[in-house]
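All remarks here apply to the structure that follows.
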Ligand SMILES: NC(=O)c1ccc[n+]([C@@H]2O[C@H](COP(=O)([O-])OP(=O)(O)OC[C@H]3O[C@@H](n4cnc5c(N)ncnc54)[C@H](O)[C@@H]3O)[C@@H](O)[C@H]2O)c1
């Protein structure tokens, strides 16, 4: 049972690959909260076919778009307004991919072509979403645009290699465009910095399982699930957070503010002191 938080609102949700995807959970909750929206993903991701199930449940049209293509993104926004019958109130950018991480490259041995791809897919695409929506005047006033980030943008996590720099850029774009779009149209732009989450993108990262356990033990509330991340996204799409913009908002069970937890410390103690 929803609260009607998104009743009458229209939007775009990107990045739902399978039922573990954060975007998948956002779509289910957006539907429950009364929104109408389109779904999008890279044409290559369509081959998995999973998104069709989600589209059916949400009664949503799928508009394929490669996040690195300006033409695709323009088509995505134009078609979404057509299909949904008006300007948009919310957009979710839930897109991330690093060929360097996929191929296990160390930070001191990055392939620069792949690095450029990571930047293009995972950060410039956010600017592309924002710039395209501004040019097409696609957003209603007080609309909300959210992208997903990770704490490695701000503190070093060795396994995150080039994506750390890419997420730093993503967060910076949210601030820069948030200022611009706020002034122009009162549109909010934020990033949510999410806990490690068991998804396709997450589990592609080296030692992810071990780190997931570490973060779980170093967060007073434990890791935030994809489901609870979706709740947070919905709150940012709703009218209850109208004055929140240009922020990077941690959604991590307290991980970012914890130095070291008792559990982790106890694991480090010699056996005779445990
Ligand atoms: N899983 C985690 O631990 C975690 C933590 C913090 C932030 N995030 C971020 O959350 C977001 C969603 O990731 P997820 O964890 O749900 O994983 P996911 O693998 O389910 O989603 C990533 C999505 O990006 C899409 N994508 C990749 N290349 C694309 C392209 N060229 N054009 C369009 N779409 C493309 C994929 O098809 C996929 O749907 C990403 O930005 C990710 O970095 C994830």
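The values are calculated or read from the model by the stated rules, or taken from the named source; none is laboratory data. For clarity, every value in this text was computed on a predicted model and none was experimentally measured. Neighbour counts run over all protein chains shown; Cβ positions are idealised from the backbone, glycine included.
Worth a mention:
- Filter pass, residue 232 being touching a strand residue (DSSP E or B) at 6+ places or on another chain (Cβ under 7 Å), assigned to a helix (DSSP H, G or I), over 20 Å from residue 132 (Cβ atoms) and touching a residue at least 40 places away in the same chain (Cβ under 8 Å): yes
- Candidate set: region 180-217, residues that are in a loop (DSSP other than H, G, I, E, B) and more than 20 Å from residue 163 (Cβ to Cβ); chosen: the one nearest to the ligand (Cβ to nearest atom): 187
- Restricting the first member to region 103-125 and to residues that are in contact (Cβ under 8 Å) with a residue 60 or more places away in the chain, and the second to residues that are more than 11 Å from the ligand (Cβ to nearest atom), the beta-carbon pairs closer than 8 Å and six or more apart or on different chains are 104/206.
- Once region 151-170 is narrowed to residues that are buried (at least 23 other Cβ atoms within 10 Å of the Cβ) and touching a strand residue (DSSP E or B) at 6+ places or on another chain (Cβ under 6 Å), the residue that is nearest to residue 67 (Cα to Cα) is 170.
- Residue check, residue 160 within 11 Å of the ligand (Cβ to nearest atom), in contact with a helix residue (DSSP H, G or I) (Cβ under 8 Å, 6 or more places away or on another chain) and either touching a residue at least 12 places away in the same chain (Cβ under 8 Å) or more than 24 Å from residue 239 (Cα to Cα) (or both): yes
- In summary, helices (runs of 4 or more DSSP H) completely within region 1-88 and bearing 3 or more residues that are more than 18 Å from the chain's Cα centre (by Cα) and under 24 Å from residue 123 (Cα atoms) occur at 43-46, 70-84.
- Flag for residue 272 being farther than 17 Å from residue 148 by Cα, modelled with pLDDT of 95 or more and either away from the ligand (no atom under 16 Å from the Cβ) or touching a strand residue (DSSP E or B) at 6+ places or on another chain (Cβ under 6 Å) (or both): no
- Residue 140 being part of a strand (DSSP E or B) and over 19 Å from the mean Cα position of the chain (by Cα): yes
- Being in contact (Cβ under 8 Å) with a residue 60 or more places away in the chain and within 28 Å of residue 121 (Cα to Cα) is true of residue 227.
- Selection status of residue 65, near the ligand (Cβ under 10 Å from one of its atoms), over 22 Å from residue 194 (Cβ atoms) and buried (at least 24 other Cβ atoms within 10 Å of the Cβ): yes
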